[in-house]
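In what follows, a single structure is set out as structure tokens and then discussed.
The values are calculated or read from the model by the stated rules, or taken from the named source; none is laboratory data. Everything numeric in this text was worked out from a predicted model, so none of it was measured. All Cβ positions, even for glycine, are placed from backbone atoms using ideal geometry, and neighbour counts span all protein chains on display. The area values use the complete protein model at the heavy-atom level, side chains included, leaving out ligands, DNA and RNA. Shrake-Rupley method; radii C 1.70, N 1.55, O 1.52, S 1.80 Å.
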Amino acid sequence: MRILVIGAVAAGTSAAAKARRNDEDAEIVIYERDTHISYSGCGMPYYIGGEIEKGEELTPRNPEFFRNKYNVAIRTEHEVLKLDKEKKELEVKNLVTGEVFTDHFDRLILATGARSVVPPIKGVENAHVFTLRNINDMYRIKQYINNRSPRKAVIVGTGFIGLEMAENLRGLGMEVTMVELLPQVSPGLDADMAILVEEHLEKKDVRVVTNTYASEISEKNVLLSDGRKLDADLVILATGVRPNVKLAEDAGIVLGVTGAIKVDSFMETSEKGIYAAGDCIEQYHSVTGKPVYRPLGSTANKTGRIAGNNITGGALEFRGVLGTGIYKVFDLTVAQTGLTEREAVKEGYDISVSHNIKPDRPEYMGGKEMTIKSVADKKDGRLLGVQIVGPQGVDKRIDVFVALISFGAKVQDLVHLDLAYAPPFSTTKDPVMYTGMIQENAIYGNRPLMTNEKLEELMSSGKKVRVIDTRVEKQFSASHVEHAENLPHAVIREKMKELDKDTITITYCNKGTTGNAVQNILLNHGLKEVYNLSGGHKTYMRYRLLKKKSEKK
């Protein structure tokens, strides 16, 4: 059997290696148009910034490695021009010699990856404008920085690559401005979590400009759609990627609703014997079951392995994605998995939203606060999604949440987890467990939460509402929720006779704990409808900041 693979980065090489483990006799050839294979693309910003000293560390394997270890032939600088699925043939061009030839396959794996989106901006062809998608892009940017010593950089886009490049260019001493078309940075997050990232960027002297786009790039400036002009002698376009599907589409292979190649759970395309994997394929979301496009290196490796296994007679099945992601923004870690609040509402779920602000370990052991936003289905308590932002301990918690959501855990399951505890690593009740406790109380314990958006709607509804600030008077005087009155936790029992039991009541403190304590007291004294403001005053202040930003636009 002759197996051809198109693409030699994560999915393609993973597929070829798995196919060889299953079948020692198959002929396996990979065609790759680039000069580098099987590289760690996620490390590229850190080479540019100098954290990784040698670019070769990101390209540890070459064609000779695969030939010697796996008996797989990798032909770099070979572009596949055409796929004939009926004849089972590829038309291939040697980019070095110009020779065009035909190759035959019994089985084929498409691992054509994705390409950088280049917006239709006048001036994108200028020598100081770059995208960062592959190793050659990385070397070009590094060489430009070394040769030209740019001082002012503009990054268009605030996704993973844009944020990582901002950190690394600041580390090189450049002035950095980020431009984002949307009202917030980190488009994958909910706005109330993205504001934490934006605040941190500004603390690190990265200028953030939202609700606008680059309309023109000259040699020294970037002109924005709102008329502002930014100085720039280096421009990075980090505006996302699109799947490379032209070869498949021209061959008549079916594409999915996202525009990527449609595959079944075995990674087989609409054409029997032709499989696809990696950044060129459409996945499905494990929570909703609906098609999504979430190109990530981890998923590329996973789907490549599945394709390589099944093309050689196996029957591994893909179980979908949660859209899990994690990235570093200076000394802040940002992670998410599952559905955001925005996505859950769009999907029609009746949700409970919690903002849990807790240290990753005791403060006496150097613990620092993280904010965990969770989204759960009120109907059955199923955990739908989590976002976490904090300086440390984020990676550990997000992976616990990934496992929980993957196996359909409900919020009431979280407190029963036998998680590892010792003061250097966690608090006695881990933040994961606290998230479960908060959500279980909200959904099943008559201790409902209220978000700032819902509070604003309620205050405008004309209903009788009372907002109680449970903090001490000094904190209340410094800043408080609009229309709130100060009834500290210590005196609330003395004031019970003054409270109307039929008035909708919202309690809050700094982060949520004391607000919940007062909520318990009020409910136990017969008040009928009492909510705790999710995330307390801290989350409220960020909500006000978001409102001010939107009002300025």
Query raised in the report: Counting just the residues of the range 160-212 that are among the acidic types (Asp, Glu) and surrounded by fewer than 19 Cβ atoms within 10 Å (Cβ to Cβ), which one comes out farthest from Leu545 (Cα to Cα)?
Result: Glu175
Query - Tabulated pairs, the range 507-534, first on the phi > 0 side of the Ramachandran plot, second acidic (Asp, Glu), C-beta under 9 angstrom, 6+ apart or interchain - result: none
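Just name the residue that is nearest to Lys368 (Cα to Cα) out of those in the range 308-331 that are hydrophobic (A, V, I, L, M, F, W, C) and under 14 Å from the mean Cα position of the chain (by Cα). Write out each step before concluding.
Going residue by residue through the range 308-331, those that are hydrophobic (A, V, I, L, M, F, W, C) are 311, 315-316, 318, 321-322, 326, 329-330.
Then keep just the ones that are under 14 Å from the mean Cα position of the chain (by Cα); that gives 321-322, 326, 329.
Numbers: Val321: 30, Leu322: 27, Ile326: 18, Val329: 16 Å.
Among residues in the range 308-331 that are hydrophobic (A, V, I, L, M, F, W, C) and under 14 Å from the mean Cα position of the chain (by Cα), the one nearest to Lys368 (Cα to Cα) is Val329.
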Query raised in the report: What number goes with the only condition from (1) under 31 Å from the mean Cα position of the chain (by Cα); (2) among the charged types (D, E, K, R); (3) in a strand (DSSP E or B) that Glu91 does not pass?
Result: (1)
Report task. Give me the pairs, please: first residue somewhere in the range 452-470 and free of Cβ contacts under 8 Å to residues at least 12 places away in the same chain, second residue anywhere and aliphatic (A, V, I, L, M) and open to solvent by less than 40 Å² (accessible area, probe 1.4 Å), beta-carbon distance under 9 Å, and either six or more positions apart or on two chains. Result -> Lys454/Val353
Query raised in the report: What's the number of the condition Lys497 fails, among (1) touching a residue at least 12 places away in the same chain (Cβ under 8 Å); (2) among the charged types (D, E, K, R); (3) surrounded by fewer than 18 Cβ atoms within 10 Å (Cβ to Cβ)?
Result: (1)
Query raised in the report: When residues of the range 1-39 are filtered for being within 12 Å of Ala300 (Cα to Cα), open to solvent by 10 Å² or more (accessible area, probe 1.4 Å), among the hydrophobic types (A, V, I, L, M, F, W, C) and in a loop (DSSP other than H, G, I, E, B), how many remain?
Result: 1
Report summary line: Across (1) surrounded by 14 or more Cβ atoms within 10 Å (Cβ to Cβ); (2) not in a helix (DSSP H, G or I), Val400 clears everything bar (2)
Report task. Would you mind telling me which numbered condition in (1) open to solvent by less than 70 Å² (accessible area, probe 1.4 Å); (2) closer than 22 Å to Ser298 by Cα; (3) of a type outside the set (Val, Ile, Thr); (4) in contact (Cβ under 8 Å) with a residue 60 or more places away in the chain Cys42 fails? Result -> (1)
Report task. Output yes when any residue across the range 450-457 is open to solvent by 60 Å² or more (accessible area, probe 1.4 Å) and farther than 30 Å from Lys495 by Cβ, and no when none is. Result -> no
Query - Close pairs (9 angstrom Cβ cut-off, 6 or more residues apart or separate chains): of a type in the set (Lys, Arg) in the range 256-272, in a loop (DSSP other than H, G, I, E, B) and open to solvent by less than 30 Å² (accessible area, probe 1.4 Å) anywhere - result: Lys262/Ile253; Lys262/Gly256; Lys262/Thr269; Lys262/Glu282
Report summary line: Scanning the range 196-216 residue by residue, those over 21 Å from the mean Cα position of the chain (by Cα), closer than 28 Å to Pro120 by Cβ and part of a loop (DSSP other than H, G, I, E, B) turn out to be Thr212, Tyr213
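Among the residues of the range 51-94, write down those that are aliphatic (A, V, I, L, M) and open to solvent by 60 Å² or more (accessible area, probe 1.4 Å).
The initial filter retains those residues of the range 51-94 that are aliphatic (A, V, I, L, M), namely 52, 58, 72-74, 80-81, 83, 90, 92.
Selection gives Leu81 alone.
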Query raised in the report: Can you tell me which residues in the range 218-246 are more than 30 Å from Ile274 (Cα to Cα), open to solvent by 50 Å² or more (accessible area, probe 1.4 Å) and part of a strand (DSSP E or B)?
Result: Leu223, Lys229, Asp231
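Here is a yes/no grid of residues against (1) surrounded by fewer than 16 Cβ atoms within 10 Å (Cβ to Cβ); (2) more than 23 Å from Ile405 (Cβ to Cβ); (3) under 22 Å from the mean Cα position of the chain (by Cα):
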| residue | (1), (2), (3) |
| --- | --- |
| Leu255 | no, yes, no |
| Ile261 | no, yes, yes |
| Phe266 | no, yes, no |
| Glu271 | no, yes, no |
| Tyr275 | no, yes, no |
| Tyr284 | no, no, yes |
| Gly289 | yes, no, yes |
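How many of the residues making up the range 139-155 are open to solvent by 10 Å² or more (accessible area, probe 1.4 Å) and in contact with a Gly (Cβ under 9 Å, 6 or more places away or on another chain)?
Keep residues of the range 139-155 that are open to solvent by 10 Å² or more (accessible area, probe 1.4 Å), which gives 139-140, 142-149, 151-152.
This time we only want the ones that are in contact with a Gly (Cβ under 9 Å, 6 or more places away or on another chain), so: 139, 142, 151.
Qualifying residue count, the range 139-155: 3.
For every residue, the table says whether it meets (1) surrounded by 19 or more Cβ atoms within 10 Å (Cβ to Cβ); (2) touching a Leu at 6+ places or on another chain (Cβ under 6 Å); (3) assigned to a strand (DSSP E or B).
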site: Val96; (1), (2), (3): no, no, no
site: Arg115; (1), (2), (3): no, no, yes
site: Ala127; (1), (2), (3): no, no, no
site: Asp137; (1), (2), (3): no, no, no
site: Thr158; (1), (2), (3): yes, no, no
Query raised in the report: Considering the range 168-204 alone, what residues qualify as being among the charged types (D, E, K, R) and touching a Lys or Arg at 6+ places or on another chain (Cβ under 7 Å)?
Result: Arg170, Glu175, Asp190, Asp192, Lys204
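For the range 334-376, which residues satisfy the criterion of being hydroxyl-bearing (Ser, Thr, Tyr) and open to solvent by 30 Å² or more (accessible area, probe 1.4 Å)?
To start, the set of residues in the range 334-376 that are hydroxyl-bearing (Ser, Thr, Tyr) comprises 337, 340, 349, 352, 354, 364, 371, 374.
Those that are hydroxyl-bearing (Ser, Thr, Tyr) and open to solvent by 30 Å² or more (accessible area, probe 1.4 Å): Tyr349, Tyr364.
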Report summary line: Within the range 413-448, residues among the polar types (S, T, N, Q) and either open to solvent by 50 Å² or more (accessible area, probe 1.4 Å) or out of contact with any Leu (no Cβ under 9 Å at 6 or more places or on another chain) (or both) come out as Thr427, Thr428, Asn441, Asn446
Query raised in the report: Taking Met450 and the conditions (1) under 15 Å from Ser354 (Cα atoms); (2) in contact with an Asp or Glu (Cβ under 9 Å, 6 or more places away or on another chain), which numbered condition does it fall short on, given that it satisfies the others?
Result: (2)
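List the strands (runs of 3 or more DSSP E) that sit entirely inside the range 418-519 and contain at least 1 residues that are among the acidic types (Asp, Glu).
Details: elements: 465-469, 484-486, 504-508.
Fully inside the range 418-519 and qualifying: 465-469, 484-486.
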Report task. Please enumerate the residues belonging to the range 311-329 that are open to solvent by 30 Å² or more (accessible area, probe 1.4 Å) and within 30 Å of Gly367 (Cα to Cα). Result -> Thr324, Ile326, Lys328
Report task. Working carefully through the options Lys328, Lys346, Lys410, find the one that is more than 23 Å from Asn452 (Cβ to Cβ), free of Cβ contacts under 8 Å to residues at least 60 places away in the same chain and not hydrophobic (A, V, I, L, M, F, W, C). Result -> Lys410
